[in-house]
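To keep things clear, I will list the structure first and then write my remarks on it.
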C-alpha cells in the first residue's frame, strides 16, 4: 500500500469528488438511448468525461454513430497533448505505456504536475488515474441502472446532456481567447443546425475550435 503522501491524498480526494459525477453520465447515457451495458462499456473503454458527454449528447440529439465518435475524438485530442508531457515527466517504458495512456486524463495529469519529485508525480498520477477509473465506472453503473428506471422526458434528462456539457465548458472560459473560441463555435453550430444532419454541427464546431486554438498558440509563441 502506498504511503499517504501529499500526492496520494490529493489523488484520493480528486477521485472521490470526480467519480460521483459518473452518476449523471450513466443516467444521461441511458436517457440518450444507450443500453446499460453500452453505457458501462463506454466509461470503461473511452474513459474521458468530456468526450463521453459529447458522445451521448450527439446520440441523444439524433446524430449518427460516426458523428458522435468524431465529436468525442476531437475532445479527446487534449489527452494526447497530456501524454506528450507525461512521457517526458514519468518516462514509461514498454507495455506500461498502454496503461499510462488509458489513465491519462485531466485529473491524473493535474495531480502529477502539481508534485515536485518524480516519485510523487508517479504516485499522484496513478492514485488519481486508478482512483477516478474505479469511482467513475462504479457510479456510471449506478447512474445507468437508476436512469433505466425513470422516464427521461418527465425528469428532463433528455436535454440534460447539453447542460452537463455546458457545465464542463464554463470553468475553462478564463480569458478572452477562450470566450472568443466559444462564441465563434456557438455561431457556427447555430448556423449549421438547420442545414446539416444531427451531430455534424458539433463536429464542425470542434474542428473550428481546434484550428483556432492552434492559431492562438502559434500567435502567443
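Tabulated data for the structure shown
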| read-out | value |
| --- | --- |
| Residues satisfying the stated conditions in region 1-21, i.e. part of a helix (DSSP H, G or I) and either touching a strand residue (DSSP E or B) at 6+ places or on another chain (Cβ under 6 Å) or surrounded by fewer than 21 Cβ atoms within 10 Å (Cβ to Cβ) (or both) | 6, 8, 9, 12, 13, 16, 17, 18, 19 |
| Residue match in region 116-133 (condition: out of contact with any helix residue (DSSP H, G or I) (no Cβ under 7 Å at 6 or more places or on another chain), in a loop (DSSP other than H, G, I, E, B) and either outside the structural domain of residue 19 (by TED's automatic domain parsing) or more than 29 Å from residue 26 (Cα to Cα) (or both)) | yes |
| Which numbered condition residue 189 fails, given (1) closer than 30 Å to residue 33 by Cβ; (2) at pLDDT below 80; (3) touching a helix residue (DSSP H, G or I) at 6+ places or on another chain (Cβ under 6 Å) | (2) |
| Test: residue in region 104-111 that is assigned to a loop (DSSP other than H, G, I, E, B), surrounded by 19 or more Cβ atoms within 10 Å (Cβ to Cβ), modelled with pLDDT of 85 or more and within 14 Å of the chain's Cα centre (by Cα) | yes |
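Listed here are the residues, each with its yes/no results for (1) touching a helix residue (DSSP H, G or I) at 6+ places or on another chain (Cβ under 6 Å); (2) within 21 Å of residue 145 (Cβ to Cβ); (3) buried (at least 24 other Cβ atoms within 10 Å of the Cβ).
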residue: 23; (1), (2), (3): yes, yes, no
residue: 29; (1), (2), (3): yes, yes, yes
residue: 34; (1), (2), (3): no, yes, no
residue: 39; (1), (2), (3): yes, yes, yes
residue: 43; (1), (2), (3): yes, yes, yes
residue: 51; (1), (2), (3): yes, no, no
residue: 63; (1), (2), (3): no, no, no
residue: 75; (1), (2), (3): yes, no, no
residue: 84; (1), (2), (3): no, no, no
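Conditions (1) modelled with pLDDT under 90; (2) over 18 Å from residue 135 (Cα atoms), marked per residue:
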| residue | (1), (2) |
| --- | --- |
| 31 | yes, yes |
| 35 | no, yes |
| 38 | no, no |
| 69 | yes, yes |
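The values are calculated or read from the model by the stated rules, or taken from the named source; none is laboratory data. Not measured: the values here are computed from a predicted model. Methodologically, a virtual Cβ is constructed for each residue, glycine included, from the backbone with ideal geometry; neighbour enumeration extends over all protein chains shown.
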